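The values are calculated or read from the model by the stated rules, or taken from the named source; none is laboratory data. Nothing here was measured: the structure is a model prediction, and the numbers come from that model. Quick reminder, even Gly has a Cβ in these numbers, built from the backbone with ideal geometry, and neighbours come from all protein chains shown. What goes into the accessible areas is simple: the full protein's heavy atoms, side chains included, and nothing from ligands, DNA or RNA. Shrake-Rupley method; radii C 1.70, N 1.55, O 1.52, S 1.80 Å.
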Amino acid sequence: MTTNVMSRLVGVAASLFLLPSTAGAVTSGPGSSATTEAAVTYAKDVAPIIFANCLVCHQPGQVAPMSFRNYKETRPWARAIKEKVQSREMPPWFADPRYGSWLNDRQLSQLQIDTISSWVDAGAPMGEKSDLPQLPTFSNAWALGDLGEPDLIVPMPVTVEVPADGEEGYQQYYVKNELASDRFIKGIEVRPGNRAAVHHAVIDMAKLPPCTELDLRGQLSPLPDCERDESGQQFVFSRESYKLIGYAPGKGFQRYREGTGKRISPGWYYRFDQHYTPIGTPQVDRTEIGLWFHDRPVATEMIQKMVSGSGAFIAENSEVVAEDGDRRPRVPNIPPHAGDWKLVATTPFAEPITLYALAPHMHLRGKDMKYVLVRPDGSEETLLSVPNFDFNWQLFYELVEPIQVEAGSKLMTIGHFDNSIKNRYNPAPDREVYWAEQSWDEMFNGFYEYSVAMPENLPTEE
């Protein structure tokens, strides 16, 4: 990633607010209704809103560049907070309200927005300390810190040095799971050691590929004299893995409902799939994950996959299917100056599932993404629509009520890309866009989280 692009991404959170020297000059002003608005105070009215909706990010060690843990920290940003909540830029949330109900909906109600506005217009008064709600507990800066300290913290095996410039590919590091039996997590969180340098991270459970061992840095090393394919390359990649969680701005922590969770398998490895971005100066990182375990048996195992793993794509009305030996269809590149380039992924379900969550992922040309469920009788239901996708906020949308999906159904994931000059984030509208991992490349990864029936002989927790 270029330094200019990275600077924008690193500074995006800071740019959402005015500088403190400007925001601090809040007064009631001539003509304000002091008698009405003075009754709205930080302690009684505003702190409960901020504590419930903002502190998950606005605390030390999290993604936001400023903390809102108390009046002293919040007051200088009062005017900026008003502007951002009125425009609904904060808290970030991009789901079209016409479709779906979301367990983790971050939107403020109009009443909450009006309360903050009235507080700022009244001069942002503190109020009585006795009216303050109790500050939520975030143990050691974990976003899921209300669950207490993690039951298990797993760091990467080494500290990674990130150069000042250049292009960094994906790097994978393995840590063996030493648990003796299956455990199920009720919460998981990725905590980068250096949020400025970590572009994103994906944490999987995986087995070591055949013909490999781990070197001293926890990375794969091929064993000698192993079977080779027709090109002479050793088989060093394994498809035997499953996703635990992904980290990107806006996501990287997840809690599971009572009786549901993801499996941590004995004898497998935690695989840290890290993507670093040089930011102009040398950096170091050692990402870690925190795991909170269920202390009661789990009846529902959660699984996360990506759309069209076994289906097909339609690129600008032309069907593209996977060729022999390919895991996914080879989608054509996005042409230069294409302002509304359409891509559809078709994901069939051969068995019934229960759908719990959806998570769109695109890059700088990503314009919109929509999930449509087509049932066996041909009826269609829009599950999620993100009409204004924002690369800076990779959100995870959890359904209030899980959806039962019959065998024979299919999930249509429909997206558009803007490779034109009208896209202010587009680094090169005159160039063809390839499907690859860098931000100036593109991705069309519509994730979905679901469950299937658990086998009766599943080991229970100790």
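When I188, I153, I116 are checked against the criterion of being crowded, with 19+ Cβ neighbours inside 10 Å and part of a strand (DSSP E or B), a single residue qualifies: I188.
Is it true that R375 is in contact (Cβ under 8 Å) with a residue 24 or more places away in the chain, among the charged types (D, E, K, R) and open to solvent by less than 20 Å² (accessible area, probe 1.4 Å)? In short, no.
Taking every residue in region 53-81 that is touching a residue at least 12 places away in the same chain (Cβ under 8 Å) and within 13 Å of P125 (Cα to Cα) and pairing it with any residue that is surrounded by fewer than 20 Cβ atoms within 10 Å (Cβ to Cβ) and among the small types (G, A, S), at least 6 positions away or on another chain, the pairs with Cβ-Cβ distances below 6 Å are P76/G24. Residues F272, F313: which one is of a type outside the set (D, E), closer than 30 Å to P163 by Cα and not in a loop (DSSP other than H, G, I, E, B)? The conditions single out F272. The set of residues from region 210-227 being surrounded by fewer than 17 Cβ atoms within 10 Å (Cβ to Cβ) and touching a Ser or Thr at 6+ places or on another chain (Cβ under 8 Å) comprises P210, E213, L214, D215, S221, P222, L223.
Restricted to region 38-72, and to residues there that are closer than 14 Å to A141 by Cβ, open to solvent by 30 Å² or more (accessible area, probe 1.4 Å) and not hydrophobic (A, V, I, L, M, F, W, C), the residue that is modelled with the highest pLDDT is R69. Of all the residues in region 421-453, those that are touching a residue at least 40 places away in the same chain (Cβ under 8 Å), open to solvent by 30 Å² or more (accessible area, probe 1.4 Å) and of a type in the set (D, E, K, R) number 5.
Only one of S101, S28 is open to solvent by 20 Å² or more (accessible area, probe 1.4 Å) and either modelled with pLDDT under 90 or over 30 Å from E380 (Cβ atoms) (or both); which? Every option except S28 fails the conditions.
Listed here are the residues, each with its yes/no results for (1) surrounded by fewer than 18 Cβ atoms within 10 Å (Cβ to Cβ); (2) within 25 Å of the chain's Cα centre (by Cα); (3) not hydrophobic (A, V, I, L, M, F, W, C).
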site: Q254; (1), (2), (3): no, yes, yes
site: T260; (1), (2), (3): no, yes, yes
site: V298; (1), (2), (3): no, yes, no
site: M302; (1), (2), (3): no, yes, no
site: P335; (1), (2), (3): yes, no, yes
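For (1) more than 16 Å from V56 (Cβ to Cβ); (2) acidic (D, E), each residue gets a yes or a no:
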{"site": "W142", "(1), (2)": "no, no"}
{"site": "G145", "(1), (2)": "no, no"}
{"site": "V154", "(1), (2)": "yes, no"}
{"site": "E168", "(1), (2)": "yes, yes"}
{"site": "Y173", "(1), (2)": "yes, no"}
{"site": "N177", "(1), (2)": "yes, no"}
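When A345 is tested against the conditions (1) open to solvent by 60 Å² or more (accessible area, probe 1.4 Å); (2) on the phi < 0 side of the Ramachandran plot, the lone failure is (1).
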